[in-house]
Amino acid sequence: MTEVSVVAAAAEFIDRTLQNEGAWYRADEVGLRLGGALASYGSSIGAVRGTVRDALRKFKDMGHDSTVMLASALWGQPKPGSRPVFERRLAAVVLLQTKVQLLRHSDLTRLEGFLRTAQAADLAAPLLSDVLVPLLAGLGSRDRQRAAAVLARWRDDPEPRLQSAAGLLAKELTQ
């Protein structure tokens with residue numbers, strides 16, 4: 001199997017499992033809490049975490065490229081014309097939390113896109129604390145300088161979520 005087909009199969013596995021684990025009452029609650037910004041399957045957080053764990057067991061040896069491609073696939077729309085799904089995006093965050101040691105400074109641009117489009121504090125907060133903070137903590141000095149340039153750009157961005165992230169993450173770079 002090619003890397004692209006492995007990622008597609010993993011995304012399909014995660015999506016199908018999350019749909020099967022969903023419940024209408026949880027989907028309604030998520031929809032109300034998020035103001036309809038994202039669709040919801042109604043899967044529990046435990047189901048999301050377990051599904052990602054099972055996917056990583058089933059699709060072994062996912063390296064950096066496969067991991068970030070899968071996270072992007074999960075973050076996007078499940079099919080053209082549909083709304084992004086909260087549980088898919090949460091699965092992307094869990095995947096990145098699990099594989100944070102694979103991430104590089106060059107992934108900050110992709111993570112910036114995730115922060116811009118999170119549409120929910122329930123996604124932005126763990127992305128910031130459990131993905132971006134450990135990513136920056138693991139960078140070497142040259143990559144920390146590159147990351148500092150990205151954070152400087154975020155600080156001047158009109159998006160409040162990026163400005164806030166830049167302030168928090170700048171502290172991580174100086175430690």
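The values are calculated or read from the model by the stated rules, or taken from the named source; none is laboratory data. Keep in mind that this is a model prediction, so the values were computed, not measured. Counting neighbours? That spans all protein chains shown, and the Cβs are built from the backbone with ideal geometry, glycine included.
Among Gly76, Gly63, Gly46, which is the only one that is closer than 23 Å to Val131 by Cα and touching a residue at least 24 places away in the same chain (Cβ under 8 Å)? Gly63 is the lone residue from the list that is closer than 23 Å to Val131 by Cα and touching a residue at least 24 places away in the same chain (Cβ under 8 Å). Only one of the numbered conditions (1) aliphatic (A, V, I, L, M); (2) in contact (Cβ under 8 Å) with a residue 60 or more places away in the chain; (3) surrounded by fewer than 18 Cβ atoms within 10 Å (Cβ to Cβ) is violated by Leu18, and that is (3).
Tell me, yes or no, whether the range 85-107 has at least one residue that is of a type in the set (Gly, Ala, Ser), under 13 Å from the mean Cα position of the chain (by Cα), within 26 Å of Ala165 (Cα to Cα) and not assigned by TED's automatic domain parsing to the domain that holds Asp130.
Step one: list which residues in the range 85-107 are of a type in the set (Gly, Ala, Ser), which gives 91-92, 106.
Narrowing the set further to residues that are under 13 Å from the mean Cα position of the chain (by Cα) leaves 91-92.
Those still in the list that are within 26 Å of Ala165 (Cα to Cα) too: 91-92.
Adding the requirement that they be not assigned by TED's automatic domain parsing to the domain that holds Asp130 leaves 91-92.
The answer is yes, given that some residue of the range 85-107 is of a type in the set (Gly, Ala, Ser), under 13 Å from the mean Cα position of the chain (by Cα), within 26 Å of Ala165 (Cα to Cα) and not assigned by TED's automatic domain parsing to the domain that holds Asp130.
Restricted to the range 54-79, and to residues there that are over 27 Å from Glu112 (Cβ atoms) and of a type in the set (Lys, Arg), the residue that is surrounded by the most Cβ atoms within 10 Å (Cβ to Cβ) is Lys58.
Out of Arg83, Arg153, Arg142, which single residue is surrounded by fewer than 16 Cβ atoms within 10 Å (Cβ to Cβ) and outside any helix (DSSP H, G or I)?
Arg83
Can you say whether Thr2 is in the same structural domain as Thr98 (by TED's automatic domain parsing), of a type in the set (Val, Ile, Thr), over 12 Å from Phe86 (Cβ atoms) and surrounded by fewer than 15 Cβ atoms within 10 Å (Cβ to Cβ), as far as the supplied structure shows? Yes, satisfied.
Among the residues of the range 18-50, those that are outside any loop (DSSP other than H, G, I, E, B), touching a helix residue (DSSP H, G or I) at 6+ places or on another chain (Cβ under 8 Å) and closer than 19 Å to Ser82 by Cβ comprise Leu18, Glu21, Val30, Ala39, Val48. Residue-level check: of (1) crowded, with 22+ Cβ neighbours inside 10 Å; (2) within 28 Å of Arg155 (Cβ to Cβ); (3) hydrophobic (A, V, I, L, M, F, W, C), Leu34 misses just (1). When the range 123-139 is filtered for residues that are assigned to a helix (DSSP H, G or I), surrounded by 15 or more Cβ atoms within 10 Å (Cβ to Cβ) and aliphatic (A, V, I, L, M), the ones remaining, listed by number, are Leu123, Ala124, Leu127, Leu128, Val131, Leu132, Val133, Leu135, Leu136.
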